[in-house]
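Structure first, then comments.
No value in this document is a laboratory result; all are computed from the given coordinates. Quick caveat, the model's predicted, so the values are computed rather than measured. When we count neighbours, we look across all protein chains shown, and the Cβ atoms used for this are built from the backbone with ideal geometry, even at glycine.
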Amino acid sequence: EYMGEHVMSKVNIKAHLPKEMGFVTVSLENNVTILTVKLKVLETAAKKGLVLHDHDNYTLHSSSGIPFADDAQLLKDAVAVAGLSATQTFDLELRDIDPMTNIWKQKTVSQRSLAAEKSFALTVKVHFPGGAQTMATSSDDTLKELKSKLMEKITRKGADKTLGSIDQYSFKVMDSGLLLPNDSITLYDVIQLENHPPTKTLNMELAAKSTLKNDLASAADLTANYRTGMLNYQKGAKPQTKTKKMRWFVLEEFSLLYFESPDNPTPKKTFLIRVDTQVEPDDLYSTPKMFYIIIKIKGRDPLRLGCASNDERLQWLQCLKTARLCHFRSVLEQSITYLNETALNEPGLFRVSARDQDIVALQKEFDEVGRTDLAGKDAHVVAELLKRYFRALPEPLMTYELYQKFMQTQMIEDEDERAHAIVIVLSLLPPINKLLLQYLIAFLARICANSKVNEMTPANLSTVFAPNLLSKKDETPQDALSDTSQRLHLVKSLISDYEYFFLTSHEEEEGEEDGADEENNSSGDETRRRPPTHVQPQGPPSPTPQSQSVSAPAFANAFVTPRPQPVQSQSKP
């Protein structure tokens, strides 16, 4: 199972360190644990003057991106998982782990041994929106089981106390305000986490989940971007064929670092791959032995990277294009977080203009370092800058490829069928595009909830954002004008019925449609689930000519072809 006799007793490990520190090489027996590997790597790094934190702050990943989360796993198992032979050097990356997971892991692991008995009676007082409930329960219960018991109890007290789905809420301990990472944690773990004695009443709060925060965390996972490799480095209008500078490049999120060699831990130069950076294959100067990528960063000479094969070039292109979305996600996160905290009631947000020089100055800060302090900034300056970044995207979030399909949804006359068709097309978006779109629409829905104060209705916001979210490739002014009403109505629908399009599970709805013919034959009356309207749309939908109407089943059949999977990025040892 572990490649048996073919696995040698010694394994060579090349461990890449975080924070641009380079790498260290160690040699270990193959029957040691991942924890031993970590300690050896940290010890070797310390001898080189590269000081890192305690081993609990890090997790190991193989060169294929597989994380080894369990420190008790044997190194020979990790070698087998990565499919390496005994003669190869094992390429690993040492990465910072999620702070919340780290807190939970460190405290529970260090304190679990202090409790002799894991199962005991426990009193929990749960504070929820609109009241509180004390329950006698067991330390064996998980947070999910506790939620279910709580929902059952408060529902009995009257319809006005009903909270709806338990998935909309998360627990946090009131004494510390610590948000617990997942529903599978037992109350025993919560007690160990907070140092509560078993006899004490556990005070917890059931808080509505922050959709914005959760969506952004998912987006951050999808834009995790890391690649390394030895590439031919050229700069200028065209490559110098006589000089072949091979340099070690590291791409991390949207920072492209270049080193003289893999042994040099200090980067010689850093390039930021921004939203407006052009990344294209350069076939004009490519040869059978060198395949170039041209990178055009505003304010710099063109940069060319030469790859030894076309497959390697495709993988680097994929990562460099993802880097642009990493930079965009960083801007989107900071801007929306700031506006969400300070400007939800600001009249005319996204419509009131701001001074151009202030916008340019703020954009320069984002472009030079990727992050900036927005404290005290004018909300209208931040909002206008965000709109500029949307316009700077090389492709709209709703993509050129799906533009016509989105437009076809607006030809469906029946409101329920049209909504379901939109759900189908949204599911075809690349995962990162959909999450970033969801993050934006969630925020716009929050603005509309305060429209009596800020005067920004779904119709107003769709006028601002529809041109930036939906457009054709090589679009002419005539194209934009002819499709304006459909674009506005589509984006207004997304904002008005945000929960239906992004938070509602549509599996049951699809199941109902599978048996729709039988139900229609027996009853002659089809019952459909209508999208809940949480913000009333302003005005009726744009009229659609009868000759262009499309039925939902025929529309759905157009999208049965699965979306091609992106090229998987692999680090080159």
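Loop-only trypsin sites (Lys or Arg not before Pro) in region 243-309, please: DSSP not H, G, I, E or B, and at most 16 other Cβ atoms within 10 Å.
Sparse-neighbourhood loop trypsin sites (Lys or Arg not before Pro): Lys244, Lys245, Lys268, Lys289, Lys298, Arg300.
Need the full-extension length gain, Asp479 to Met407, defined as separation in residues times 0.36 nm minus the C-alpha distance. One decimal, nm.
The span from Asp479 to Met407 would gain 24.7 nm if fully extended.
At a Förster distance of 30 Å, what's the computed FRET efficiency of His127 paired with Ala375, Cβ-Cβ distance as r, to 0.05?
0.45
Order 443-456, 357-370, 323-336 from most to least packed using the mean count of other Cβ atoms within 10 Å.
323-336, 443-456, 357-370
Could you give me the ³J(HN,Hα) list for region 465-473, computed from phi with Karplus coefficients 6.51, -1.76, 1.60 and θ = phi - 60°, whole Hz, x at Gly and Pro?
Each residue of region 465-473 in turn: 9, 4, x, 8, 9, 10, 6, 7, 6 Hz.
If you plug each phi of region 246-261 into the Karplus form 6.51 cos²θ - 1.76 cosθ + 1.60 with θ = phi - 60°, what whole-Hz ³J(HN,Hα) values come out, in order, with x for Gly and Pro?
Going residue by residue, I get 9, 10, 8, 10, 10, 9, 10, 6, 10, 9, 9, 9, 10, 10, 4, 7 Hz, with x marking Gly and Pro.
Hey, what did region 449-504 get for relative contact order, percent, Cα under 8 Å, at least 6 apart?
Relative contact order comes out at 42 percent.
Quick query: amide H of Asp483 versus all other amide H atoms, modeled in the peptide plane; which residues come in under 5 Å with a sequence gap of 5 or more or a different chain?
Answer set, sorted by chain and number: none.
Label points 7 Å out from Cα along the Cβ direction at Arg300 and Thr44: separation in nm?
That separation, rounded to one decimal, is 3.1 nm.
What spacing in nm lies between the two simple spin-label points modelled at Gln357 and Arg156, each 7 Å away from Cα in the Cβ direction?
Going from the Gln357 label point to the Arg156 one covers 6.9 nm.
Can you tell me the order of 409-417, 44-52 when each peptide is scored by its average per-residue count of other Cβ atoms within 10 angstrom, highest first?
Result, highest mean first: 409-417, 44-52.
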